[in-house]
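First comes the structure, then the notes that go with it.
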Amino acid sequence: MNKKTIYILSIESSCDDTSVAVLANDTILSNVVANQEIHSKYGGVVPELASRAHQQNIVPVVQEALIQANIDKKDLSAIAFTQGPGLMGSLLVGTSFAKSMALALQIPLIAVNHMQGHILAHFIRDKAQKKPSFPFICLTISGGHTQLIRVNDYFDMEILGETIDDAVGEAFDKSAKILGLPYPGGPFIDKYAQLGDPKAFEFPKPKTKNELDFSFSGLKTAILYFIRKKEQENPNFIKENLHDICASIQQTIIDILLIKLKKAVKKTGIKSIAIAGGVSANSGIRKTLVEAEKKYQWQTYIPKFEYTTDNAAMIGITGYYKYLEGNFDDNTVSAKARMSVLE
């Protein structure tokens with residue numbers, strides 16, 4: 001093995017996916033994800049079931065990641081893991097395993113902020129994506145977060161705006177639930193939206209005191225009342241108009257995001273725009289950002305699909321940059337259910 005190469009094994013267990021990756025510097029050698037199908041029948045993630053599944057999955061997933069990377073655990077330089085934010089029971093499984101493995105191998109332990117991981121996923125060496133230059137604005141959109149972040153350096157970030165209530169992913173999933181779509185509903189809205197008219201129905205775009213903050217609670221309520229009213233008039237309304245409803249909901253959310261992005265660009269003068277987080281997998285948002293590049297002369301950065309949802313590769317790349325800084329943790333480090341992207 002080349003002594004100059006830094007090999008990092010990273011663990012992501014913040015919610016319901018157990019993921020382990022192995023990196024050689026900033027290049028992914030393996031990125032294994034074990035999904036938990038059990039939650040779909042409950043319409044959402046059940047924390048106790050999630051942590052139990054992580055316990056069952058983590059050893060085989062670590063083993064598979066090492067096999068795919070074709071390296072021995074003795075060659076590892078460090079162990080990185082998600083410290084938070086996330087479900088405490090799920091985080092504890094990854095944290096405990098990472099601590100034990102680093103201790104057993106006598107190599108550095110690196111705690112990673114999950115939200116920083118989403119942003120720094122852009123720096124994974126991959127032909128399918130380009131790396132942004134500093135500074136850039138990152139729109140971080142997921143099931144639990146919606147933030148506009150100014151990224152000055154790998155670990156120098158500033159929150160320009162964030163949601164004051166619900167996250168954008170929650171708006172997608174709750175809207176899907178109102179329409180009777182399976183969980184998680186966001187991908188279904190995206191799928192059906194491609195077949196509908198985005199201007200068929202009009203929904204409100206909530207305003208906020210801080211022009212760069214977001215609010216989705218009012219939109220969610222408006223959609224609920226709209227559907228109730230229409231179903232009273234026509235019990236088959238959803239079935240007959242599903243594609244148009246989904247297209248209209250998705251377009252409203254995209255419009256809200258784009259309005260805020262344009263304001264952030266105007267306020268900061270930064271025209272390098274990146275998206276990150278699970279909702280950045282949405283085809284409508286990705287398409288809009290590509291179009292915005294030409295329309296507004298922005299430089300846009302869209303992550304590869306596999307680096308958008310929760311994955312260990314993003315934890316590994318963050319761990320790699322922390323390793324270069326010598327930013328290590330000891331065994332007193334603990335999981336945190338709540339964490340700011342700035343921590």
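For region 148-166, list residues with backbone N below 13 Å from a point placed 7 Å from the Cα of S340 toward its Cβ?
157-162, by backbone N distance to the label point.
How big is region 127-286 along each principal axis, measuring the range of its Cα positions in Å and listing the largest first?
Taking max minus min along each principal axis of the Cα atoms, region 127-286 gives 53, 40, 24 Å.
I'd like the FRET efficiency for K294 and A200, computed as 1/(1 + (r/R0)^6) with the beta carbon distance as r and R0 of 30 Å, rounded to 0.05. Spell out each step's value before the answer.
Values: r = 26 Å, r/R0 = 0.87.
My answer for the efficiency is 0.70.
If you restrict to DSSP beta bridges whose two residues both lie in the chain, what percentage is antiparallel, to the nearest 5? Don't skip to the end; give the middle numbers.
Working: 26 of 43 bridges.
Expressed as a percentage, antiparallel bridges in the chain total about 60.
First check a/c for region 226-277, with a ≥ b ≥ c the square roots of the eigenvalues of its C-alpha gyration tensor; if it is under 1.5, answer rounded, and if not, answer prolate when a/b is larger than b/c or oblate otherwise. Intermediate values should be presented prior to the final figure.
Working: a/c = 5.42, a/b = 3.36, b/c = 1.62.
Prolate is the answer for region 226-277, as a/c is 1.5 or above and a/b outweighs b/c.
For the chain, give the percent of accessible area contributed by carbon and sulfur heavy atoms, probe 1.4 Å, rounded to a whole number. Don't jump to the answer; show the numbers that get you there.
Numbers: 7750 of 15590 Å².
Solvent-exposed carbon and sulfur of the chain make up 50 percent of the total.
Would you mind calculating the gained length between N25 and N210 on full extension (0.36 nm times residue separation, minus the Cα-Cα distance), in nm to one decimal?
On the way: separation 185, 0.36 × 185 = 66.60 nm, distance 3.98 nm.
Separation in residues times 0.36 nm, less the Cα-Cα distance, equals 62.6 nm.
Starting from 0.36 nm per residue, how many nanometres of slack lie between I238 and K262 once their C-alpha separation is accounted for?
5.3 nm
With the Cα gyration tensor of the chain giving a ≥ b ≥ c as the square roots of its eigenvalues, does the rule (a/c under 1.5 for rounded; else a/b larger than b/c for prolate; else oblate) give rounded, prolate or oblate? Spell out each step's value before the answer.
Values: a/c = 2.16, a/b = 1.54, b/c = 1.40.
Note, shape of the chain comes out prolate.
Report, in listed order, any pair from K177/K205; K177/K229; K191/K263; K266/K295; K199/K267 with a Cα-Cα distance greater than 23 Å. Before the final figure, lay out the partial values.
Values: K177/K205 20 Å; K177/K229 16 Å; K191/K263 29 Å; K266/K295 15 Å; K199/K267 29 Å.
Listed pairs above 23 Å: K191/K263; K199/K267.
Full-extension gain between K73 and K131, please, as 0.36 nm times their residue separation minus the C-alpha to C-alpha distance.
Numbers: separation 58, 0.36 × 58 = 20.88 nm, distance 2.93 nm.
Roughly 18.0 nm would be gained on extension.
Given an 8 Å cut-off on Cα distances and at least 6 residues of separation, report the relative contact order of the chain as a percent.
Working: 723 pairs, mean separation 84.6, N = 343.
That works out to 25 percent.
Which whole-number percent gives the relative contact order of region 73-175, counting Cα pairs below 8 Å spaced six or more residues apart?
Numbers: 138 pairs, mean separation 18.9, N = 103.
Averaging sequence separation for qualifying contacts and normalising by length gives 18 percent for region 73-175.
Taking a ≥ b ≥ c as the square roots of the Cα gyration tensor eigenvalues, with a/c under 1.5 meaning rounded and otherwise prolate when a/b beats b/c, else oblate, which class fits region 253-322? Please report the intermediate quantities before stating the final value.
Numbers: a/c = 2.29, a/b = 1.58, b/c = 1.45.
Since a/c reaches 1.5 and a/b is larger than b/c, the shape of region 253-322 is classed as prolate.
Tally Lys/Arg at +1 and Asp/Glu at -1 over every other residue whose Cβ is under 13 Å from the Cβ of K267; what's the total?
Details: positive: R150, K260, K262, K263, K266, K271; negative: E158, E211, D213.
Residues near K267 contribute +3 overall.
Would you mind pulling out the separation of the Cα centroids of region 188-252 and region 253-307, in Å?
21
Dipole size in debye (nearest 20) for the chain around its Cα centre, Lys and Arg Cβ +1, Asp and Glu Cβ -1? Working shown, then result.
On the way: 38 positive and 36 negative charges, 164 e Å.
Computed charge dipole of the chain: roughly 780 debye.
The values are calculated or read from the model by the stated rules, or taken from the named source; none is laboratory data. From a predicted model like this one, the values you see are computed outputs, not experimental measurements. In this analysis, Cβ positions are derived from the backbone assuming ideal geometry, glycine residues included, and neighbour counts consider all displayed protein chains. To get the accessible areas, we keep the full protein, side chains included, count just its heavy atoms, and leave off ligands, DNA and RNA. Shrake-Rupley method; radii C 1.70, N 1.55, O 1.52, S 1.80 Å.
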